[in-house]
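K.L.:
Dropping a structure here in structure tokens format, bear with me for questions.
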Amino acid sequence: MEVLTQNLYVAKDLLVAELQKYNPIALVATTFFVTYVLTNLRHMQLDDMGIRKRISTWFFTTVKRVPFIRRMIDKQLDEVKVELEKSLQIPDHTTEYFRTIPVKSVGREEVLRLATIYDNLEKPAFLEGRVSGAVFNREDDKNEREMYEEVFGRFAWSNPLWPKLFPGVRIMEAEVVRMCCNMMNGDEDTCGTMSTGGSISILLACLAHRNRLLKRGEKYTEMIVPSSVHAAFFKAAETFRIKVRKIPVDPVTFKVDLTQMRAAINSRTCMLVGSAPNFPFGTVDDIEAIGQLGLEYDIPVHVDACLGGFLLPFLEEDAIKYDFRVPGVSSISADSHKYGLAPKGSSVVLYKNKELLHNQYFCDADWQGGIYASATMEGSRAGHNIALCWAAMLYHAQDGYKANAKRIVETTRKIRDGLAGIEGIKLQGPSDVCIVSWTTDDSVELYRFHNYMKERHWQLNGLQFPSGVHIMVTMNHTHPGLAEEFIADCKAAVEFVRTTPVSESDKKSEAAIYGLAQSIPDRSLVHEFAHSYLDAVYALPEQS
């Protein structure tokens with residue numbers, strides 16, 4: 001021990017002698033600077049952006065400030081903006097656009113006349129089954145429509161923020177949640193809330209699981225998600241400052257790579273995510289394996305069943321495991337306004353127990369307006385959305401959902417089998433639930449295929465990383481002969497692209513712009529494209 005002490009004194013003397021060679025102010029400044037840099041690098045490594053994204057953002061922002069580069073970018077952006085705005089153009093009509101609130105009421109008849117004009121602007125004909133997803137109900141049941149109209153009229157002004165004033169809506173929501181808990185094979189402890197749609201259900205689950213880890217003392221939180229997960233998870237990450245660790249999917253099965261998911265887990269992981277099924281490829285991740293990871297590391301597992309929530313429970317084949325029967329599953333999101341066939345917008349987010357759910361709740365015990373508590377992000381909520389969802393679930397019932405699920409799956413697999421037989425088309429994933437996803441080989445330019453289908457009045461979803469196209473099958477695609485017509489048009493599209501030279505309209509098409517966006521390394525430029533599109537959505541046309 002004495003030898004060690006003597007060595008420490010010698011080392012100290014040597015260090016002091018060496019430091020005396022330098023200016024004290026320089027030493028202090030250098031120490032401060034190095035500490036500052038290392039601390040910030042550590043924070044950047046842990047925060048929701050990460051070092052790589054920050055450096056990339058700084059680099060591209062700096063480059064775009066160079067005047068001639070900025071001019072080139074602006075020129076290209078202007079061209080893209082024109083094409084995006086054209087894609088939103090509507091036919092002229094004889095009415096004036098309202099830019100200020102009318103001084104006097106226009107009257108009931110005029111409101112209904114104008115509403116009819118706007119209603120007739122809808123295109124393409126989604127009820128004819130030519131649109132991927134979007135509208136899930138065929139709307140051909142007069143009794144169902146009239147029922148919704150009456151239910152809406154009774155609950156149009158109800159607000160579940162005031163449960164004592166509107167006890168009926170409160171009970172309806174409780175019934176919807178309990179029916180969904182049982183549908184997902186929960187027990188008496190399973191609980192949840194409704195929301196206005198799948199994105200909000202996902203945000204609420206992310207909020208709850210983030211808060212759980214924050215309460216345990218972790219300052220920085222991360223979630224581990226498949227690359228195929230819904231964009232709402234990235235919206236939640238941006239909103240709640242959660243770092244995302246994105247795990248690639250297997251190029252053959254299009255399910256999340258479990259080995260890489262395990263390797264990404266650390267003490268800051270607040271949740272693991274799997275989809276049932278995912279949006280791009282329609283594949284169901286291995287929820288059982290993800291659940292085991294959750295149990296092993298004591299991490300909540302969220303299953304995004306916004307698409308499959310009202311399909312998978314009603315399939316006769318029970319091979320797909322995804323609900324609360326799976327050990328480790330902590331929460332599930334499911335959209336009643338998709339395959340639950342309720343009018344927009346309603347969804348549910350369910351939890352294994354109240355301990356998890358309470359992390360979603362908000363309470364301000366010290367607000368001057370009184371103690372304020374809410375179960376979801378919103379304060380006031382539209383009670384009629386709850387009532388309409390409740391009505392849809394009672395109207396369609398298990399028998400209706402079973403029959404619908406059978407038709408959806410049969411139509412999906414019919415389209416899948418038809419496309420599998422077309423040379424030049426390559427399926428992405430098994431396509432066996434409600435989505436058929438595919439790309440094309442080198443002999444068929446995908447964006448031209450997509451554009452041809454659009455000209456034939458098929459509105460499909462474009463995919464990226466990798467490039468692809470998918471159709472989300474709804475009840476509107478189950479019309480007799482429609483699947484066969486779609487397959488025939490896909491075959492014609494392949495033949496057209498192979499035998500016809502590229503036109504100028506092809507190069508400027510929306511599909512071509514979408515394809516180009518994938519190759520841009522500076523993703524902030526893609527954000528500018530998207531912002532231009534969203535600006536155009538909220539822009540009124542010039543008065544003719």
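The values are calculated or read from the model by the stated rules, or taken from the named source; none is laboratory data. These numbers come from a predicted model, not from an experiment. A quick note on method: Cβ atoms are made from the backbone with ideal geometry, for glycine too, and the neighbour counts reach across all protein chains shown. Only protein heavy atoms, including side chains, enter the accessible area calculation; ligands, DNA and RNA are left aside. Shrake-Rupley method; radii C 1.70, N 1.55, O 1.52, S 1.80 Å.
K.L.:
Could you tell me whether any residue of the range 146-153 is in a loop (DSSP other than H, G, I, E, B), surrounded by fewer than 16 Cβ atoms within 10 Å (Cβ to Cβ) and either at pLDDT 95 or above or touching a helix residue (DSSP H, G or I) at 6+ places or on another chain (Cβ under 6 Å) (or both)?
P.N.:
no
K.L.:
Yes or no: Met184 open to solvent by 10 Å² or more (accessible area, probe 1.4 Å), touching a helix residue (DSSP H, G or I) at 6+ places or on another chain (Cβ under 9 Å) and of a type in the set (A, V, I, L, M)?
P.N.:
no
K.L.:
Can you tell me which residue within the range 270-308, out of those that are open to solvent by less than 30 Å² (accessible area, probe 1.4 Å) and charged (D, E, K, R), is farthest from Asp335 (Cα to Cα)?
P.N.:
Among those that are open to solvent by less than 30 Å² (accessible area, probe 1.4 Å) and charged (D, E, K, R), it is Asp285.
K.L.:
For the structure I just gave you, tell me whether Asp140 is in a loop (DSSP other than H, G, I, E, B), within 30 Å of Leu482 (Cα to Cα) and open to solvent by 70 Å² or more (accessible area, probe 1.4 Å).
P.N.:
Considered against the rule, which asks whether it is in a loop (DSSP other than H, G, I, E, B), within 30 Å of Leu482 (Cα to Cα) and open to solvent by 70 Å² or more (accessible area, probe 1.4 Å), Asp140 comes out as yes.
K.L.:
Exactly one of (1) of a type in the set (Ser, Thr, Tyr); (2) in contact with a Ser or Thr (Cβ under 8 Å, 6 or more places away or on another chain); (3) modelled with pLDDT of 85 or more is unmet by Thr499. Its number?
P.N.:
Unmet for Thr499, out of (1) of a type in the set (Ser, Thr, Tyr); (2) in contact with a Ser or Thr (Cβ under 8 Å, 6 or more places away or on another chain); (3) modelled with pLDDT of 85 or more: (2).
K.L.:
Return yes or no: is Val409 within 19 Å of Gly133 (Cα to Cα), in a strand (DSSP E or B) and among the aliphatic types (A, V, I, L, M)?
P.N.:
Here the answer is no, as Val409 does not meet what is asked.
K.L.:
Mind counting the residues in the range 451-490 that are open to solvent by 20 Å² or more (accessible area, probe 1.4 Å) and assigned to a strand (DSSP E or B)?
P.N.:
Residues that pass the stated criteria total 3.
K.L.:
Since Tyr514 meets every condition but one in (1) in contact with a Gly (Cβ under 6 Å, 6 or more places away or on another chain); (2) open to solvent by 80 Å² or more (accessible area, probe 1.4 Å); (3) modelled with pLDDT of 80 or more, which condition does it not meet?
P.N.:
(3)
K.L.:
Turning to a different aspect of this structure: Sort out which residues of the range 432-481 are closer than 16 Å to Arg498 by Cβ, free of Cβ contacts under 8 Å to residues at least 60 places away in the same chain, out of contact with any strand residue (DSSP E or B) (no Cβ under 9 Å at 6 or more places or on another chain) and not polar (S, T, N, Q), and write them in order of number.
P.N.:
Asp442, Glu445, Tyr452
K.L.:
Based on what the data block shows, is Lys246 part of a strand (DSSP E or B), open to solvent by 20 Å² or more (accessible area, probe 1.4 Å) and modelled with pLDDT of 95 or more?
P.N.:
yes
K.L.:
Next up: Quick one: in the range 192-232, of everything that is within 11 Å of Gln360 (Cα to Cα) and hydroxyl-bearing (Ser, Thr, Tyr), which residue is surrounded by the fewest Cβ atoms within 10 Å (Cβ to Cβ)?
P.N.:
The residue in question is Thr193.
K.L.:
Under 8 Å between Cβ atoms, which residue pairs at least 6 apart in sequence (or on different chains) link something in the range 186-211 that is in a strand (DSSP E or B) with a partner that is of a type in the set (Phe, Trp, Tyr)?
P.N.:
From residues that are in a strand (DSSP E or B), the pairs are Cys191/Tyr351; Gly192/Tyr351.
K.L.:
Do you know which of the residues in the range 491-501 that are open to solvent by 40 Å² or more (accessible area, probe 1.4 Å) and out of contact with any helix residue (DSSP H, G or I) (no Cβ under 7 Å at 6 or more places or on another chain) is nearest to Ala420 (Cα to Cα)?
P.N.:
Step by step, filter the range 491-501, then rank; the result is Lys491.
K.L.:
Same structure, new question: Quick one: Ser336 ticks every box in (1) in contact (Cβ under 8 Å) with a residue 24 or more places away in the chain; (2) over 28 Å from Gly481 (Cα atoms); (3) not hydrophobic (A, V, I, L, M, F, W, C) except a single one, so which number is it?
P.N.:
Ser336 satisfies all of (1) in contact (Cβ under 8 Å) with a residue 24 or more places away in the chain; (2) over 28 Å from Gly481 (Cα atoms); (3) not hydrophobic (A, V, I, L, M, F, W, C) except (2).
K.L.:
Now a separate question. State the number of residues belonging to the range 340-363 that are at negative phi, crowded, with 24+ Cβ neighbours inside 10 Å and outside any strand (DSSP E or B).
P.N.:
Matching residues across the range 340-363 total 4.
K.L.:
Quick check on the range 406-450: of everything there that is within 14 Å of Pro280 (Cα to Cα) and small (Gly, Ala, Ser), which residue is most open to solvent (accessible area, probe 1.4 Å)?
P.N.:
Among residues in the range 406-450 that are within 14 Å of Pro280 (Cα to Cα) and small (Gly, Ala, Ser), the one most open to solvent (accessible area, probe 1.4 Å) is Gly429.
K.L.:
Considering only residues that are of a type in the set (S, T, N, Q), buried (at least 19 other Cβ atoms within 10 Å of the Cβ) and in a helix (DSSP H, G or I), which ones fall in the range 364-403?
P.N.:
Asn385 - this is the single residue of the range 364-403 that is of a type in the set (S, T, N, Q), buried (at least 19 other Cβ atoms within 10 Å of the Cβ) and in a helix (DSSP H, G or I).
K.L.:
Kindly indicate the residue of the range 309-339 that is assigned to a loop (DSSP other than H, G, I, E, B) and hydrophobic (A, V, I, L, M, F, W, C) and also surrounded by the most Cβ atoms within 10 Å (Cβ to Cβ) among those meeting that condition.
P.N.:
Taking the candidates together, the pick is Phe310.
K.L.:
Checking Ser267 against (1) open to solvent by less than 10 Å² (accessible area, probe 1.4 Å); (2) in a loop (DSSP other than H, G, I, E, B); (3) without any contact (Cβ under 8 Å) to a residue 60 or more places away in the chain; (4) over 21 Å from Glu410 (Cβ atoms), only one condition comes out false. Which one?
P.N.:
With respect to (1) open to solvent by less than 10 Å² (accessible area, probe 1.4 Å); (2) in a loop (DSSP other than H, G, I, E, B); (3) without any contact (Cβ under 8 Å) to a residue 60 or more places away in the chain; (4) over 21 Å from Glu410 (Cβ atoms), Ser267 is out only on (1).
K.L.:
Does the range 101-109 contain at least one residue that is open to solvent by 80 Å² or more (accessible area, probe 1.4 Å), modelled with pLDDT under 90 and in a loop (DSSP other than H, G, I, E, B)?
P.N.:
No; the residues of the range 101-109 include none that is open to solvent by 80 Å² or more (accessible area, probe 1.4 Å), modelled with pLDDT under 90 and in a loop (DSSP other than H, G, I, E, B).
K.L.:
A further question follows. For the range 153-168, state whether one or more residues are free of Cβ contacts under 8 Å to residues at least 12 places away in the same chain and on the phi > 0 side of the Ramachandran plot.
P.N.:
Looking for residues that are free of Cβ contacts under 8 Å to residues at least 12 places away in the same chain and on the phi > 0 side of the Ramachandran plot, one finds none in the range 153-168, hence no.
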